[in-house]
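Everything on this sheet refers to the single structure shown next.
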Amino acid sequence: MPSNPLLHFITKVINLEDIKVINYDFITNDEIVIEVENKLKVGQCPQCGNTTDKIHQNHWYTVRDIPLSDYQVLLKVNRRQLRCTRCRPVFSESLDFIKTRRTYTKRLAMKVIKEVLETNVESAAIRNRMTASEVETLLKEQEADLLKEKPLQLKKLGIDEITQLKGGKNYAAVLVDLETRKPITLLEKR
Ligand SMILES: [Zn+2]
């Protein structure tokens with residue numbers, strides 16, 4: 001187990017809210033696996049709102065994150081399953097930096113979308129060690145998530161037409177957050 005000051009340092013560097021690093025491992029000379037878990041001991045039951053720290057079981061899985069210097073980063077995440085003491089179901093805790101069932105962090109998704117807009121799908125794939133089809137899947141998932149999660153907020157978003165999106169020929173528009181001017185996702189041509 002690495003020393004606490006070192007883990008504390010990496011926790012600072014990866015800069016994910018309420019997340020602490022508990023271990024790390026250089027798996028190749030330019031790829032690092034960082035084990036993280038939630039700093040918060042309790043989670044909130046999505047059914048009744050009760051908070052609980054009763055762990056049903058740990059559930060470890062790996063997602064890709066944005067690079068750290070020259071290192072590609074894989075986060076080994078523990079999304080704990082907790083048991084509500086009031087209504088008794090088991091639920092998975094929510095983690096702000098990653099959506100359920102996704103294999104990449106939210107900030108990596110934003111990075112890939114930005115790079116697709118600036119270059120093309122192929123370049124974005126190479127920069128992030130993904131295949132072009134993985135990038136396409138990411139774009140489709142981002143679009144699906146956005147339409148599912150924020151149907152009411154979509155009115156607040158602007159749709160900027162992209163006249164020429166090199167390499168992303170299936171994508172015709174990008175949703176932009178009107179307040180931050182940041183692209184949120186690409187929309188497939190219909
Ligand atoms: Zn409950």
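Could you check segment 67-83 and list, in sequence order, the residues that are in a loop (DSSP other than H, G, I, E, B) and either more than 15 Å from Gln57 (Cα to Cα) or not assigned by TED's automatic domain parsing to the domain that holds Asp30 (or both)? Steps first, answer last, please.
Step one: filter segment 67-83 for residues in a loop (DSSP other than H, G, I, E, B), giving 69-70, 79-80.
Matches in segment 67-83: Ser69, Asp70.
Which residues, taken from segment 84-98, are surrounded by fewer than 18 Cβ atoms within 10 Å (Cβ to Cβ) and either in a strand (DSSP E or B) or more than 16 Å from the ligand (Cβ to nearest atom) (or both)? Talk me through it step by step, then tell me what you get.
In the first step, residues of segment 84-98 are kept if they are surrounded by fewer than 18 Cβ atoms within 10 Å (Cβ to Cβ); the result is 85-90, 92, 94, 96.
Val90, Ser92, Asp96, listed by residue number.
On the basis of being assigned to a helix (DSSP H, G or I), at pLDDT 65 or above and surrounded by 15 or more Cβ atoms within 10 Å (Cβ to Cβ), does Leu147 make the cut?
no
How many residues are open to solvent by 50 Å² or more (accessible area, probe 1.4 Å) and away from the ligand (no atom under 16 Å from the Cβ) when one looks only at segment 31-44? Don't jump to the end; show me each part of the working.
In the first step, residues of segment 31-44 are kept if they are open to solvent by 50 Å² or more (accessible area, probe 1.4 Å); the result is 39-42, 44.
Keeping just the survivors that are away from the ligand (no atom under 16 Å from the Cβ) gives 39-41.
Going through segment 31-44 one residue at a time, the tally reaches 3.
Can we say Pro67 is under 30 Å from Ser3 (Cα atoms) and either in contact with a Lys or Arg (Cβ under 7 Å, 6 or more places away or on another chain) or of a type outside the set (Val, Ile, Thr) (or both)? Even if it seems obvious, please write down each step before you answer.
Values: under 30 Å from Ser3 (Cα atoms): yes; either in contact with a Lys or Arg (Cβ under 7 Å, 6 or more places away or on another chain) or of a type outside the set (Val, Ile, Thr) (or both): yes.
So Pro67 passes the test.
For residues that are open to solvent by 30 Å² or more (accessible area, probe 1.4 Å) and in a loop (DSSP other than H, G, I, E, B), tally how many sit in segment 101-118.
3
Restricting to segment 58-110, count the residues that are of a type in the set (Val, Ile, Thr), more than 19 Å from Val21 (Cα to Cα) and over 10 Å from the mean Cα position of the chain (by Cα). Don't jump to the end; show me each part of the working.
First pass over segment 58-110, keeping only residues of a type in the set (Val, Ile, Thr): 62-63, 66, 73, 77, 85, 90, 98, 100, 103, 105.
Narrowing further to those that are more than 19 Å from Val21 (Cα to Cα): 85, 90, 100.
Checking which are over 10 Å from the mean Cα position of the chain (by Cα) leaves us with 85, 90.
Number of matching residues: 2.
Would segment 14-27 turn up any residue that is within 16 Å of the ligand (Cβ to nearest atom), open to solvent by less than 80 Å² (accessible area, probe 1.4 Å) and not assigned by TED's automatic domain parsing to the domain that holds Ala125?
Checked segment 14-27: no residue is within 16 Å of the ligand (Cβ to nearest atom), open to solvent by less than 80 Å² (accessible area, probe 1.4 Å) and not assigned by TED's automatic domain parsing to the domain that holds Ala125.
In segment 38-51, which residues are closer than 25 Å to Asp65 by Cα and assigned to a loop (DSSP other than H, G, I, E, B)?
Within segment 38-51, Lys39, Leu40, Lys41, Val42 qualify.
Matching residues to (1) within 16 Å of the ligand (Cβ to nearest atom); (2) surrounded by 12 or more Cβ atoms within 10 Å (Cβ to Cβ):
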position	(1), (2)
Pro46	yes, yes
Asp53	yes, yes
Gln57	no, no
Trp60	no, no
Val63	no, yes
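Go through the residues of segment 125-133 one by one and say whether even a single one is away from the ligand (no atom under 16 Å from the Cβ), modelled with pLDDT of 65 or more, among the β-branched types (Val, Ile, Thr) and open to solvent by 50 Å² or more (accessible area, probe 1.4 Å).
Yes, that holds for at least one residue.
Among the residues in segment 21-37, are any assigned to a loop (DSSP other than H, G, I, E, B), modelled with pLDDT of 90 or more, within 30 Å of Ala144 (Cα to Cα) and touching a strand residue (DSSP E or B) at 6+ places or on another chain (Cβ under 9 Å)? Spell out how you get there, then give the answer.
Step one: filter segment 21-37 for residues assigned to a loop (DSSP other than H, G, I, E, B), giving 29-30.
Applying the additional criterion that residues be modelled with pLDDT of 90 or more yields 29-30.
Okay, now just the ones that are also within 30 Å of Ala144 (Cα to Cα), so none.
No - not one qualifying residue is present in segment 21-37.
The values are calculated or read from the model by the stated rules, or taken from the named source; none is laboratory data. No experiment lies behind these values; they were computed from the predicted model shown. Virtual Cβ from ideal backbone geometry, glycine too; neighbours counted across all protein chains shown. The area values use the complete protein model at the heavy-atom level, side chains included, leaving out ligands, DNA and RNA. Shrake-Rupley method; radii C 1.70, N 1.55, O 1.52, S 1.80 Å.
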